[in-house]
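Here's the structure we're looking at; comments come further down.
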Amino acid sequence: MKLYVIPGTCAVVPHTALEWTGADYELELLDHDSVKSEEYLRINPQGAVPAIVDGETVVTQNIATQVYIDASHPDANIFGQNDSPAEKAELMHWLAFINADLHKAFAPLFGPDGFVEGDSAQQSLKEKAKEKIAHLLRLPNEQLGKHDYLTGTKTTADVYLYVTLTWAKKFEIDLSKYSHFNDFIKRMEADKGLTAVIEQQGIEKIESL
């Protein structure tokens, strides 16, 4: 199995999942130019990460790669000990929320010129995006006031939330009113799988917001 990633992106999630499985895999580090190369576009025509190539099977999109890893290594419990229909639905709720709502909300910060033209308009857009992100993050913060992890047990949803918090710190989003994130960050950065991924991708721990 080969995993394609850009360091620090949401591809940290399936990368950590593979570390949790203990399986042998090959890692390919890309950048924002190489994902647009002719060679990589044959793997993922969208020119995005993550992507998994496993024999003749190609899997793209973050959630799909996680599902593939879980199905290939069910004993690793990358989705946690969530056995009942309600528990499985809660896990999918958090993965969907982070993937479709929270992750998407960062798009104007990563590429404001893709939305509006002009410095003033772009700055206004970025400030609104920061407000929206802070508003969205109140929900996982409240959940972490009840449990150490989003579903009670550590899952890939927690890794995904951690990644978005690294972005929040990068863009200096004020999350000071949220009291549960720093302890959560400490728990996640103590995870051996995530620590290995941080080292392999050459990124840094954030330690606190």
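Top mean-square fluctuation among 183, 54, 191, Gaussian network model of the chain, C-alpha springs under 10 Å?
The residue with the greatest mean-square fluctuation here is 54.
Have a look at 79, 171, 181 and tell me which one the Gaussian network model of the chain (Cα, springs below 10 Å) gives the largest fluctuation.
171
Using Cβ counts within 10 Å as a stand-in for footprinting exposure, how do 102, 109, 27 rank, fewest first?
27, 109, 102
Per 0.36 nm of contour for each residue apart, how much would the distance between residue 27 and residue 172 grow if the chain were fully extended, relative to their Cα-Cα spacing?
Once the chain is fully extended between residue 27 and residue 172, it gains 49.2 nm.
Taking neighbour Cβ counts within 10 Å as the exposure measure, how do 73, 93 sort from fewest upward?
93, 73
Among residues other than residue 6 whose Cβ falls under 13 Å from its Cβ, what is the net charge (Lys/Arg +1, Asp/Glu -1)?
Every neighbour counted, the sum reads -2.
Using a simple spin-label model with points 7 Å from Cα along the Cα→Cβ vector, what separation in nm is obtained for residue 57 and residue 42?
According to this spin-label approximation, the distance is 2.2 nm.
With each pseudo-label sitting 7 Å past Cα toward Cβ, what's the residue 120-residue 204 distance in nm, one decimal?
Once both label points are built, they end up 3.6 nm from each other.
Hey, in the GNM for the chain with a 10 angstrom Cα cutoff, which one of 95, 144, 125 fluctuates hardest?
Maximum among the listed residues: 125.
Where both residues lie in the chain, what percent of DSSP beta bridges are antiparallel, nearest 5?
If we restrict to bridges inside the chain, about 65 percent are antiparallel.
Which pairs break 23 Å Cα to Cα here: 88/130; 36/128; 36/126; 177/205?
Correct reply: 88/130; 36/128; 36/126.
Report the full-extension gain for the segment residue 71 to residue 195: residue separation times 0.36 nm, less the Cα-Cα distance, to one decimal in nm.
42.3 nm
FYI, it's all coordinate maths here, none of it is from the lab. Quick caveat, the model's predicted, so the values are computed rather than measured. Cβ atoms come from the backbone with ideal geometry, glycine included; neighbour counts cover every protein chain shown.
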